[in-house]
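Please read the structure below before turning to the comments.
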Amino acid sequence: MLSAWVGLTLMAAFMQAWRNAFQKQLSSTVDVYGVTLARFIFGLPLAVVYVWCLYHMRPVNVVTEFTNLYWIYIVMGGLSQIVATVLMVQLFKQKNYAIGVGLAKSEAILAAIVAVVFLQDALSILAWVGVAIGGVAVFLLSKGKRGEALSWSTLWIGLGSGLSFAITSLLVREASLELNQLPYLHRAAWVLVSVIGFQCVLMLLYLGLWRRHTLVAMWQRLGLTLKVSVCSFMASLGWFSAMSMQSVPIVKTLGQIEIVFSLLISVFFFKEKLAKADHWGLVLVVIAAWLVIWA
């Protein structure tokens, strides 16, 4: 069980790092709403195929019951993820790629606080230490190339994105727990289809009615839009499956290893330079990851 959720989280972090990189590229020619839709538009058919393949390879003789509470979690989680994505794209426009991701990764410590306060979740002392160290790492990685002070707007957008992602993750886990009659992979698969389906319909309706030029711009960058969707689907598959098995703060703290991948992409893909604080931040991310694995 340990190796399964760890492996799924690492896959999710790796694919999310690339998704964010492709989103940054797409945001140069497509507005924030189109970049948000790009996460879901090709992910929905992939999610449907995944559910079909999963039931074909691992049949389950249980009638799946979708409660009203399940759909409330899906709608609230889907909306929260859309808000988080919009805010993250705004971050890309204010700071460089690595800093934008670093600020949004405040998600882990915010998820821990929300889970304990509102969901009565419990973490071990070692897990709290790992979450705290991860928070320090995010702070170091968010200071910028010369340690310059962040503007208030950048800070609040970053924290807003992190909080919205944290709420999304917690609601996704709660939705998954509503399907407790199913194995964890099947639960995660249904949540994935439900969330992506809701987001696709909502965004397509909005853009089709009021921002058709955005759809045209996405069509003109079809290859890049496809890359965003595929990476996003793989990342969500990993996150949702891991969070069906383990608590959100633990998964998201380990998932901060994404920052390592993001910084490597920042250096080798976007040719951006790292500050000294980034190196310390990377070390702390790795330490935090090991602590939550062994917590």
Looking only at residues in segment 59-84 that are in a helix (DSSP H, G or I) and within 17 Å of Gln181 (Cα to Cα), which one is least open to solvent (accessible area, probe 1.4 Å)?
-> Tyr70
For residues that are open to solvent by 10 Å² or more (accessible area, probe 1.4 Å) and under 11 Å from Met218 (Cα atoms), tally how many sit in segment 33-47.
-> 2
State yes or no: is Leu159 of a type in the set (A, V, I, L, M), modelled with pLDDT under 85 and more than 13 Å from the chain's Cα centre (by Cα)?
-> yes
Check on Ser27, open to solvent by 10 Å² or more (accessible area, probe 1.4 Å), at pLDDT 85 or above and either within 20 Å of the chain's Cα centre (by Cα) or among the hydrophobic types (A, V, I, L, M, F, W, C) (or both) | no
Within segment 211-237, how many residues are β-branched (Val, Ile, Thr) and surrounded by fewer than 17 Cβ atoms within 10 Å (Cβ to Cβ)?
-> 1
Which residue pairs have Cβ atoms closer than 6 Å, lie 6 or more positions apart in sequence or on different chains, and pair a first residue in segment 32-55 that is under 13 Å from Phe198 (Cβ atoms) with a second residue that is open to solvent by 20 Å² or more (accessible area, probe 1.4 Å) and of a type outside the set (Asp, Glu)?
-> Ala47/Val193
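The values are calculated or read from the model by the stated rules, or taken from the named source; none is laboratory data. Everything quoted here is computed from the prediction, not taken from an experiment. Every residue, glycine among them, receives a Cβ derived from its backbone with ideal geometry; neighbour counts consider all protein chains shown. With ligands, DNA and RNA removed, areas are computed over all heavy atoms of the protein, side chains included. Shrake-Rupley method; radii C 1.70, N 1.55, O 1.52, S 1.80 Å.
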